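Notes follow the structure.
The values are calculated or read from the model by the stated rules, or taken from the named source; none is laboratory data. All values reported here derive from a predicted model rather than from experimental measurement. Every residue, glycine among them, receives a Cβ derived from its backbone with ideal geometry; neighbour counts consider all protein chains shown.
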Amino acid sequence: MGGAFRWPPVETPGIEAREAPPLAAPPRAAPRRSGFRSLLAELEELWLAPDAPPIGRRMAESGWRPDELGAWCDRCGVTVGPHEENEFGCSACRGRRLPWDRAVRLGEHAGELRRWIHELKFTRFRSVGSGLGRELGRQLRSCGLPGERVVVCPMPTSWRRRTARGIDHAGVIARGVAAELGAPVARPLRRRHRASQQSLPASARERNVAGAFTRRPGVALGGRHVVVVDDVLTTGATARAACRALRRGAGAGDRPASVWLAVLAAAARPGTGGEDPANGGRTGARGGPAGKKSEPVV
């Protein structure tokens, strides 16, 4: 009978014996981290880590790309048109003292960029924040950030707000920036819990963050180029308070060589219905030509 059992088996001509696939090696456990902040990060990654399509692919599909140099004011970050900025800034910030040396952004807080930032903050898509952070790192490099003695500092958040949101979105962006620049991440500031800036009118935001930031002991920044990273520059009140605390809290031998403000997006320029980050969030009184836009990728 053709189906009878036979031992030992006889090879059938024309049919090759198949080898069983090798067993996959068991996954290695991720190294454990210590400390309360590391515990929070582990809990976020374990239970609160949904994902999204790669940001690079989405940029290519949508035709979006970061603003070109000259599309925003180097001092305050608002959109400017041709010949509206000089070495003293633009009409929104000229003559004002700002606590950072240069502002760098990816674009205006609108369209695809605004949607991706919301995904990071409210849907906790960490890959989006990391990808945008790397893009911001490349933008910083193209703007002339020195290649050495750079330290990346995320805008701090209170533990209550981080727990409520389930993500430290500025920290996610900052790690992407640091990975692109090959620079360390430091947390030289602590932040007292206050009412959310989003819940307040522009006129009250400066008072809300007054005294909210203080320097942490033991984080040396002397002679370093400090990059303060946040998601959106709206009125600028939070950024000003944080950068002032960085400078004022430093001793004589711990002063940064420079402070750079790096954000994913900035609010619309004065005269376009947005708030002016360099003018305490007050809407600009004048109109003007639309900001210079980047050409789409073709």
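The set of residues in the range 135-175 being among the basic types (K, R), over 18 Å from W100 (Cβ atoms) and either out of contact with any helix residue (DSSP H, G or I) (no Cβ under 8 Å at 6 or more places or on another chain) or buried (at least 18 other Cβ atoms within 10 Å of the Cβ) (or both) consists of R160, R161, R162, R175.
One line per residue, one yes/no per condition, for (1) exposed (fewer than 15 other Cβ atoms within 10 Å of the Cβ); (2) over 24 Å from V227 (Cβ atoms):
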| position | (1), (2) |
| --- | --- |
| A60 | yes, yes |
| R65 | no, no |
| L69 | yes, no |
| W72 | no, no |
| C93 | no, no |
| P99 | no, no |
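For the range 220-239, state whether one or more residues are closer than 24 Å to L145 by Cβ, in a loop (DSSP other than H, G, I, E, B), among the charged types (D, E, K, R) and modelled with pLDDT of 90 or more. Within the range 220-239, one or more residues are closer than 24 Å to L145 by Cβ, in a loop (DSSP other than H, G, I, E, B), among the charged types (D, E, K, R) and modelled with pLDDT of 90 or more. Number of residues in the range 111-128 that are of a type in the set (G, A, S) and at pLDDT below 95: the value is 1.
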